[in-house]
Amino acid sequence: MLMTAQRHFILTFQALLLVFFVSVPASSFADEHLEFLRFSDQVGGRQSSVYDIYRGDHDFIWFATDTDGLLRYDGYEFALWSESILATEERISFGALWMTGGNTLWAATWGRGLLSWNTNAQELTEFRFDPRNEHSLRDDRVQTLFQDTEGKLWVGTLAGLNYVQLNEASDVWEVRSLGEQHPLSRERIWRIAESGERYWVATTQGLYEITKDFSDWRQHLPNPEQFGENRLNEIRTVFIYNEEVWVGTDEGVFIFEPQSERFEPILLPVESQYVNALRINDFGVMPVGGQGTPTVWVGSEDGLFFIKPETKQYRTVNDGVWRLLPDVDIRTIQFDASGGGWIGARNQGIFYTRNEEPAFQPLANQTAKSESLSLSRSVFKVQYDDAGGLWLGTADGVLHRAPGGDEWEKVPVANNEAIGRVEALYVDRTGALWVGANRALYRMHPNDRFELNRMSSIYEQLGLSENSVTALYEDEQGKLFLGFWGIGVAAYDLDTAETQWQLRALDGLRGDLVYDFVQVPEGGEWMITRYSGLFYRAHAGSDWLHYPIPEHISLKPGSLLCGHSWRAKELWLCSDIGAWRLNTETGEFSSLHQALGLPQERVVGLLSDQQDNIWMLTSSGLTRYAPTEQNVVTFGFNDGLPAIDFLRQAMAVDTEGQLTIGTVRGSFEFQPSELRVNSKPPRVGLSRISVNDTDITGSVGLNAPHVTLAHSDRAITIAYSILDFHDTSRNTGRFRLVGLNEQWSAWSAQRVITFGSLPAGAYTLEIEGRNSFGIEAQEPLRIKLFVATPWWQTIWAWLGLITALSAIFWGALRWRVQTLQRVNQRLDDLVKARTEALEAANQQLQRQSHTDYLTQLLNRRGFTERFKWLQGQAKRKGTSFALVLFDVDNFKQFNDSYGHDAGDQVLVALSKELISRIREQDVAARWGGEEFALLLPDTNEVGAKKVCEDLRKAFEELRVEHETRAYQVTVTFGIFSSQDSTAPMEHWINCADNALYLGKRNGRNRVEVYSPDTDSLH
């Protein structure tokens, strides 16, 4: 048992906010930035020393510790696995992990030898030191594990080197030794690596080079003049990168040159102010920040360093820092599928870095000219001018950044008027800035002072006192359209300064307003409103007309939120129910929603970039949609967004393609063409499975999990994981239970599935996953479930019930006729006796006509009648059954050699063996000569093949005694199985016979299953 449900301790990446940050100094350099977190949850935080971190075939992260033994992490929770391997309360220190075949976990222990746990077979094998066996482990204190390209698992111990190899004949792993005379049978082994035709072994006495056939070895010492019992020649780790041999010693990092047999040191520069005599424990390779040139990560007894492999020089990170995690004795380095870095330390547990550079830059990091100016407040509107200046509409005015600058200032208002929240921003063709606020309209003309002025004249012309302007738009004729809250649309002539109402259709619905004006190339001009839906006019100067949305479209007027023009004749709409694309020429609507990858249905903003991507603001993050590739990617907090609470259509793009987006915590900008997304599909893994609240995870297998449930089991609960650690809170999944419901569930971040009281039968639970970017797993996780049939639903229970009811009916009938029986007893006895004699005679004749005289099996006629009856039964029940033909191999030669009497004895013996091994409902017959037929009701192809294979083995082992001699024969089987209840028996016989013929052709004594290709062979 892996562990009970209440002993699982959940750790989400939100909970990582509770762990402490390892602080590092900063300087003026522009390096990638790494931030390490130390796990402090109930399980991860209590680990003392972590000696190995292993990324398994399924992308789970495994830990070998001295506290809780073996741990497995799925991005959400730690699971304790030691109990699955060792049923003991003894605390054991684990030093290394490896996995082979996807289902066998190998664990190196300190004092308990090497453990092998086959999860499919539920078998634990212990390999220990045995002085009587030269091929046993060299020591029970195992230091390291390594599997080479040939499949051998190398085992480094405190007293020598072994390897474990799979014996393919017995399917058993066996320990092998290099021999007592080999020097590596006496050294402490730290690490093993492979390069070309050689192995490299790091030991307490230097680096050993071994040929793969073990015929040659060489010992290389960093300090050959200091040979002896000391650490001056100790190699603690060896690592192959780009065909170069990297080694870590007590004196730092070296590159070993095989040709010159020299150890070339890689020295820390003087300016680093660190000594070079660092004990190196492990290496790893990954670009710092997750992208760019690979970097060698160096784990030492005093922190983490980084080396550029192409120049063999140490490099800085975090703006000039040479070392991270000072005073941490790093023992192992590993990377997850998302590129995150995992550090295992001695006495300090587990450290983690997401190893990603933020994709987005908050504008709050830039400079405000006034201390009272906050760049972290809500940004409602964003607008660029033609020169590249950026304008932000906030809750109390407008902020401005000059072109090419990084300083912000608040735009003043004439008479120090407080304008309140900005609802609309627009820069017209003259360069004037227009600001629609929640009570009035303002303008700043480029020829006037740098301040906003209330446009009272417009309100006077329209007969208004105060009103919010919610949308601004300039048409080709130089008219500026103004959307007034709760009223309609007016047009202001930029040349004459005259204002006139264009549409007053919004005053019928309280709170109605204009969200957006959109001009679609070759598609007219469009207006999106809050409650009244869409309005349209063909060209400038024409009237605005209401555009009806077809009734069959789920998009309703009250659900619209924004609009955007993407290409000619295409209008994009955002709404409460996804993003919609309208072909303005054909009137055809199409939607993008959650089932197609959208993280949430509600879309509050929409904009296209210069790469023809559509950017959408959702409640789950910033989403990028590539219409050509039909690809959806979503970004969130872990990508650098200051918030994922976006404000309606608070986004803009400048002439260089840079996007700026407003949120409730300020705004951020980015260049879409520079974004890099890890497009690797994630895996879906089984984290935990329990039946009736009992955890059975360790017993269902890692590679192909399958579960058998009794009919009395109340519930089964499955917890799964999307094994992408970038942002686990935004990973989503969906599932379906094939065999019960073919429909997929909705995508959800809920990752626990529970089924209760499933009907008897076989099922397959399929789980699909998406990571936080919206990238789907290549294949679903499949879990086989089988629910046993309760005894009262079995065919035997029904037969018993029928028998009981028949007995009751018969008893009642006997009682009814008892009176007549007493009166006519004598006559009835005579009739009964005659009837019984006649029935017995008929039954005898019937049996003789349907039974083979030699074997007492059914003959062809009897078999034919039983086939028709079983076929009708299968048709009613909708089940499959199988027909098998088999005959004795080389029977003619047998008869010719030993006589027909011996042949008859063989047929009789085979018939008896057959009857003893089949079920009562199965039908066996002698088809003719040495050929037999067998009907297997309620049996599919797999079941029939198993039955026939068991019979084949039994017949092969059968010894037939005749006249002081014993004979053995073999039998070949042909199987045809189908659910087609309409095909005639001749078709079934032909198909089975074709399969039988194929078996004969393929060498006899075998079982062959019919396939359509078989027909061409006969």
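The values are calculated or read from the model by the stated rules, or taken from the named source; none is laboratory data. All values reported here derive from a predicted model rather than from experimental measurement. Backbone-built Cβ (ideal geometry, glycine too); neighbour counts: all protein chains shown. Just the protein is used for accessible areas: all its heavy atoms, side chains included, with ligands, DNA and RNA removed. Shrake-Rupley method; radii C 1.70, N 1.55, O 1.52, S 1.80 Å.
Scan region 146-168 and tell me whether some residue there is in contact with a helix residue (DSSP H, G or I) (Cβ under 7 Å, 6 or more places away or on another chain) and crowded, with 19+ Cβ neighbours inside 10 Å. Break it down stepwise before answering.
From region 146-168, those in contact with a helix residue (DSSP H, G or I) (Cβ under 7 Å, 6 or more places away or on another chain) are 160-161; that's our starting set.
Now narrow it down to the ones that are crowded, with 19+ Cβ neighbours inside 10 Å: 160-161.
Yes, the conditions are met somewhere in region 146-168.
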Q) Are any residues in region 458-468 on the phi < 0 side of the Ramachandran plot and open to solvent by 50 Å² or more (accessible area, probe 1.4 Å), and if so, which ones? A) GLU460, GLN461, SER465, GLU466
**Q.** Sole residue being in contact with a Gly (Cβ under 9 Å, 6 or more places away or on another chain), surrounded by 15 or more Cβ atoms within 10 Å (Cβ to Cβ) and among the β-branched types (Val, Ile, Thr), chosen from ILE210, ILE255, ILE189
**A.** ILE189
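Using the structure shown, decide if LEU641 is surrounded by 20 or more Cβ atoms within 10 Å (Cβ to Cβ) and touching a Leu at 6+ places or on another chain (Cβ under 7 Å). Steps first, answer last, please.
Values: surrounded by 20 or more Cβ atoms within 10 Å (Cβ to Cβ): yes; touching a Leu at 6+ places or on another chain (Cβ under 7 Å): yes.
For LEU641, the condition - surrounded by 20 or more Cβ atoms within 10 Å (Cβ to Cβ) and touching a Leu at 6+ places or on another chain (Cβ under 7 Å) - is met.
Filter region 469-485 down to the residues that are part of a loop (DSSP other than H, G, I, E, B) and open to solvent by 20 Å² or more (accessible area, probe 1.4 Å) and list them by number. Give the derivation first.
We begin by selecting, within region 469-485, every residue part of a loop (DSSP other than H, G, I, E, B); these are 475-478, 485.
Listed by number, the residues that qualify are GLU476, GLN477, TRP485.
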Q: Show the residue pairs that are 6+ apart or on different chains and have beta-carbon atoms under 6 Å apart, the first residue being within region 95-123 and of a type in the set (Gly, Ala, Ser), the second being open to solvent by 10 Å² or more (accessible area, probe 1.4 Å) and in a loop (DSSP other than H, G, I, E, B).
A: GLY102/ASP57; GLY102/ASN703; GLY111/ASP140; GLY113/ARG128; GLY113/ASP140
Q) Would it be correct to say that GLU931 is without any contact (Cβ under 8 Å) to a residue 12 or more places away in the chain and acidic (Asp, Glu)? A) no
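Filter region 775-811 for residues that are part of a loop (DSSP other than H, G, I, E, B) and more than 21 Å from SER757 (Cβ to Cβ) and give the result. Even if it seems obvious, please write down each step before you answer.
Going through region 775-811, the residues part of a loop (DSSP other than H, G, I, E, B) turn out to be 775, 777-780, 788-790, 794.
Within region 775-811, ILE775, ALA777, GLN778, GLU779, PRO780 qualify.
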Q) Does region 328-344 hold any residues that are in contact with a Lys or Arg (Cβ under 6 Å, 6 or more places away or on another chain) and assigned to a strand (DSSP E or B), and which are they? A) ARG331, GLN334, GLY344
Q: Would you check if TRP988 is closer than 28 Å to SER849 by Cβ, under 46 Å from the mean Cα position of the chain (by Cα) and buried (at least 17 other Cβ atoms within 10 Å of the Cβ)?
A: yes
Q: Could you list all residues from region 961-985 that are surrounded by 11 or more Cβ atoms within 10 Å (Cβ to Cβ) and among the aliphatic types (A, V, I, L, M)?
A: VAL969, VAL971, ILE975, ALA983, MET985
Q) Residue check, LEU617 against (1) of a type outside the set (S, T, N, Q); (2) in contact with a Lys or Arg (Cβ under 9 Å, 6 or more places away or on another chain); (3) open to solvent by 10 Å² or more (accessible area, probe 1.4 Å), all met but one. Which one? A) (3)
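Filter region 282-301 down to residues that are in contact with a Phe, Trp or Tyr (Cβ under 9 Å, 6 or more places away or on another chain) and buried (at least 17 other Cβ atoms within 10 Å of the Cβ), then give me how many there are. Before you say what the answer is, go through the steps one by one.
Filtering region 282-301 for residues in contact with a Phe, Trp or Tyr (Cβ under 9 Å, 6 or more places away or on another chain) gives 282-286, 288, 294-299.
Of the ones still in play, those that are also buried (at least 17 other Cβ atoms within 10 Å of the Cβ) are 282-284, 286, 288, 295-299.
The number of residues fulfilling the criteria is 10.
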Q | Selection count where residues are under 39 Å from the mean Cα position of the chain (by Cα) and either within 13 Å of VAL884 (Cβ to Cβ) or at pLDDT 95 or above (or both), scope region 916-939 | A | 1
Q | Residues of region 579-606 satisfying the condition of being part of a strand (DSSP E or B), closer than 13 Å to SER620 by Cα and in contact with a Ser or Thr (Cβ under 7 Å, 6 or more places away or on another chain) | A | VAL603
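Check region 544-556 and report whether any residue there is among the small types (Gly, Ala, Ser) and open to solvent by less than 30 Å² (accessible area, probe 1.4 Å).
Taking region 544-556 first, the residues among the small types (Gly, Ala, Ser) are 554.
From what is left, the residues that are open to solvent by less than 30 Å² (accessible area, probe 1.4 Å) are none.
Taking every residue of region 544-556 in turn, none turns out to be among the small types (Gly, Ala, Ser) and open to solvent by less than 30 Å² (accessible area, probe 1.4 Å).
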Q: Sort out for me the strands (runs of 3 or more DSSP E) sitting completely within region 868-939 that have 1 or more residues that are open to solvent by 30 Å² or more (accessible area, probe 1.4 Å).
A: 923-928, 931-936
Q: Would you check which residues across region 689-709 are part of a strand (DSSP E or B), surrounded by 15 or more Cβ atoms within 10 Å (Cβ to Cβ) and touching a strand residue (DSSP E or B) at 6+ places or on another chain (Cβ under 6 Å) and list them?
A: ILE689, SER690, VAL691, VAL707, LEU709
Q. So which residues in region 644-662 are surrounded by fewer than 19 Cβ atoms within 10 Å (Cβ to Cβ) and on the phi > 0 side of the Ramachandran plot, if there are any at all?
A. GLY657
Q) When GLU180 is evaluated against the numbered criteria (1) acidic (Asp, Glu); (2) without any contact (Cβ under 8 Å) to a residue 40 or more places away in the chain; (3) assigned to a loop (DSSP other than H, G, I, E, B), which criterion, by number, is the only one it fails? A) (2)
(Q) Only one of LEU830, LEU858, LEU813, LEU845 is at negative phi and at pLDDT 90 or above. Can you tell me which? (A) LEU858
Q) Looking at region 486-514, which of its residues are open to solvent by 20 Å² or more (accessible area, probe 1.4 Å), over 15 Å from TRP434 (Cα atoms) and part of a strand (DSSP E or B)? A) GLN500, TRP501, GLN502, LEU503
Q) Do we find that ASP171 is modelled with pLDDT under 90 and either among the basic types (Lys, Arg) or within 39 Å of the chain's Cα centre (by Cα) (or both) in this structure? A) yes
